[in-house]
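Q: Structure provided below as structure tokens; questions to follow.
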Amino acid sequence: MRLTAPIPAVFLATFLALFPLLPSDASIPQRDHAGLIRERLANANRFRDHVMVVAHRAGWKENGQVVRAENSKAAIDHATAIGVEMVELDVRRSRDGVLVVMHDETLERTTTCRGKVADLTLAALKACRLIVEGTGIVTDEAVPTLADMLIHARGHILVNIDNKLEPEDLAEIVETARGLDMADGILIKTAIWNDERLDRARAVIDTIGPDIAFMPILADDAVRDAAFVDRVAQTFSPQAAEMIHWRRSAAEPLTEAGGPLFSPRARAVAVRGNFHLWINTYLITDRPEGMVAGGRGDGLAFAQGQPEAVYGFWVERGATIIQTDEPAALIGWLDRQGYRRHYGGGDS
């Protein structure tokens, strides 16, 4: 069995000093905890003193190392236990049309199987075991269906759906959730960058109905005017807007102002529309640090020991939801800075 290389002692010591681990007796909250999270998602202005945390790929990393199979039930359980509000799950289809949870188009990196997800039936995918990437560790979890994961998360934590299919496939994703009494437990999203894409998203959401939490994804390579953000907000009355601030090259300097989507005018639009501003700080493999956060991502916070330059920066510019690969460390830091309002009732 090939295991992950040891974490350098200097890095680990620095990491633990900046981000001490949460209590070891953390436990999965009560079944109604998701309702408390949903209330904060739906009432951004009322809870702007609280920064919500989303676990990227359900929470697969700690201290810069992969420690769990991504998109796994074990990851959901850990995220729930440490107080994460939402897990991100990636959705694709099997050859026979079943919605399954898998990030990549292919299976090699994260499972014991090979080939494309879309080329295998559900029965074949169920024979594939999830692995902890780069460690040689094979888990006892099979490739899950979306229904499997929604049932597992139900009542404990919200689910952010990263749809790897077409926007129109959101309708079936939502019907799956409704059939499991999880309509109020998911957040769906799609990218909107021009009028044509706005009209397409509107048609999809009109078909789905207003009872499902929806979030537009807005990226500043195409969306640079807060007036367009306002149009999108008025069209959908979203609970949040996922903002992408590109840094495509490591030669580019770190963002100094947060880009057009975190401008004072854009923040005013968010307050007027009562929705959260969402930033992603996770690392994209083989891409510049903080590629979707203007260079201010998890690597700068952790490996370089500058959490204030990352999380403090984005909170000061209005972000109230942060999606990260290091949810435990982020929650600890936010809590110490007074950016978390505890849920009470024994929950984190």
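The values are calculated or read from the model by the stated rules, or taken from the named source; none is laboratory data. This one's a predicted model, so the numbers in the text were calculated from it and none came from an experiment. Reconstructed Cβ throughout: ideal geometry from the backbone, glycine too, with neighbour counts over all protein chains shown. Note: accessible area is taken over every heavy atom of the protein model, side chains too, but ligands, DNA and RNA are not part of it. Shrake-Rupley method; radii C 1.70, N 1.55, O 1.52, S 1.80 Å.
Q: For the stretch 293-323, which positions are open to solvent by 10 Å² or more (accessible area, probe 1.4 Å), outside any helix (DSSP H, G or I) and of a type outside the set (Gly, Ala, Ser)?
A: Answer for the stretch 293-323, where residues must be open to solvent by 10 Å² or more (accessible area, probe 1.4 Å), outside any helix (DSSP H, G or I) and of a type outside the set (Gly, Ala, Ser): ARG296, GLN304, GLN306, ARG317.
Q: So, of the residues in the stretch 105-128 that are assigned to a strand (DSSP E or B) and open to solvent by less than 60 Å² (accessible area, probe 1.4 Å), which turns out to be farthest from ALA34 (Cα to Cα)? Break it down stepwise before answering.
A: Step one: filter the stretch 105-128 for residues assigned to a strand (DSSP E or B), giving 106, 111, 116.
Those left that are additionally open to solvent by less than 60 Å² (accessible area, probe 1.4 Å): 106, 111.
Working: THR106: 32, THR111: 30 Å.
Checking each candidate, the answer is THR106.
Q: Would you mention how many residues in the stretch 85-101 are open to solvent by 10 Å² or more (accessible area, probe 1.4 Å) and part of a loop (DSSP other than H, G, I, E, B)?
A: 4
Q: Can you tell which of GLU242, GLU175 is acidic (Asp, Glu) and not in a strand (DSSP E or B)? If you could, list the steps in order and put the result at the bottom.
A: Numbers: GLU242 fails: not in a strand (DSSP E or B).
Just a single option satisfies the conditions, and that option is GLU175.
Q: Another question, if that's okay. Given the criterion of a type in the set (D, E, K, R) and crowded, with 16+ Cβ neighbours inside 10 Å, identify the matching residue among ASP181, ASP162. Explain how you work it out, then say what you get.
A: Values: ASP181 fails: crowded, with 16+ Cβ neighbours inside 10 Å.
It is ASP162.
Q: With the requirement that a residue be open to solvent by less than 30 Å² (accessible area, probe 1.4 Å) and closer than 13 Å to VAL159 by Cβ, what does the stretch 184-195 give you?
A: GLY185, ILE186, LEU187, ILE188, LYS189, listed by residue number.
Q: With among the aliphatic types (A, V, I, L, M), crowded, with 24+ Cβ neighbours inside 10 Å and at negative phi as the only criterion, which of ILE76, ILE151, ILE131, ILE82 stands out? Before you say what the answer is, go through the steps one by one.
A: Details: ILE151 fails: crowded, with 24+ Cβ neighbours inside 10 Å; ILE131 fails: crowded, with 24+ Cβ neighbours inside 10 Å; ILE82 fails: crowded, with 24+ Cβ neighbours inside 10 Å.
Residue meeting the stated conditions: ILE76.
Q: A further question follows. Output the residues belonging to the stretch 208-235 that are among the aromatic types (Phe, Trp, Tyr) and within 20 Å of GLY258 (Cα to Cα). Reasoning before the result, please.
A: Kept after step one, since they are among the aromatic types (Phe, Trp, Tyr), are these residues of the stretch 208-235: 214, 228.
Scanning the stretch 208-235 gives a single hit, PHE228.
Q: Of the residues ALA75, ALA79, ALA69, which single one is without any contact (Cβ under 8 Å) to a residue 24 or more places away in the chain, closer than 30 Å to THR121 by Cβ and not in a strand (DSSP E or B)? Reasoning before the result, please.
A: Working: ALA79 fails: without any contact (Cβ under 8 Å) to a residue 24 or more places away in the chain; ALA69 fails: without any contact (Cβ under 8 Å) to a residue 24 or more places away in the chain.
Answer to the selection: ALA75.
Q: Does VAL223 satisfy the condition of being of a type outside the set (Lys, Arg), farther than 24 Å from VAL98 by Cα and either open to solvent by 60 Å² or more (accessible area, probe 1.4 Å) or out of contact with any helix residue (DSSP H, G or I) (no Cβ under 6 Å at 6 or more places or on another chain) (or both)? Quick ask: steps written out before the conclusion?
A: Numbers: of a type outside the set (Lys, Arg): yes; farther than 24 Å from VAL98 by Cα: yes; either open to solvent by 60 Å² or more (accessible area, probe 1.4 Å) or out of contact with any helix residue (DSSP H, G or I) (no Cβ under 6 Å at 6 or more places or on another chain) (or both): yes.
Spelling it out, VAL223 is indeed of a type outside the set (Lys, Arg), farther than 24 Å from VAL98 by Cα and either open to solvent by 60 Å² or more (accessible area, probe 1.4 Å) or out of contact with any helix residue (DSSP H, G or I) (no Cβ under 6 Å at 6 or more places or on another chain) (or both).
Q: Going by what's in this entry, would LEU334 be described as among the hydrophobic types (A, V, I, L, M, F, W, C), open to solvent by 10 Å² or more (accessible area, probe 1.4 Å), out of contact with any strand residue (DSSP E or B) (no Cβ under 6 Å at 6 or more places or on another chain) and within 21 Å of GLU88 (Cα to Cα)? Walk me through how you get there before you give the answer.
A: On the way: among the hydrophobic types (A, V, I, L, M, F, W, C): yes; open to solvent by 10 Å² or more (accessible area, probe 1.4 Å): no; out of contact with any strand residue (DSSP E or B) (no Cβ under 6 Å at 6 or more places or on another chain): yes; within 21 Å of GLU88 (Cα to Cα): yes.
When the stated conditions are applied, LEU334 does not pass them.
Q: Pairs please, first residue from the stretch 290-301 and under 13 Å from GLN323 (Cβ atoms), second anywhere and of a type in the set (Asp, Glu), Cβ atoms under 6 Å, 6+ apart in sequence or on different chains.
A: GLY297/GLU289; ASP298/ASP325; ASP298/GLU326
Q: Would you pick out the residues in the stretch 39-56 that are surrounded by fewer than 18 Cβ atoms within 10 Å (Cβ to Cβ) and either hydrophobic (A, V, I, L, M, F, W, C) or part of a helix (DSSP H, G or I) (or both)?
A: GLU39, ALA42, ASN45, ARG46, PHE47
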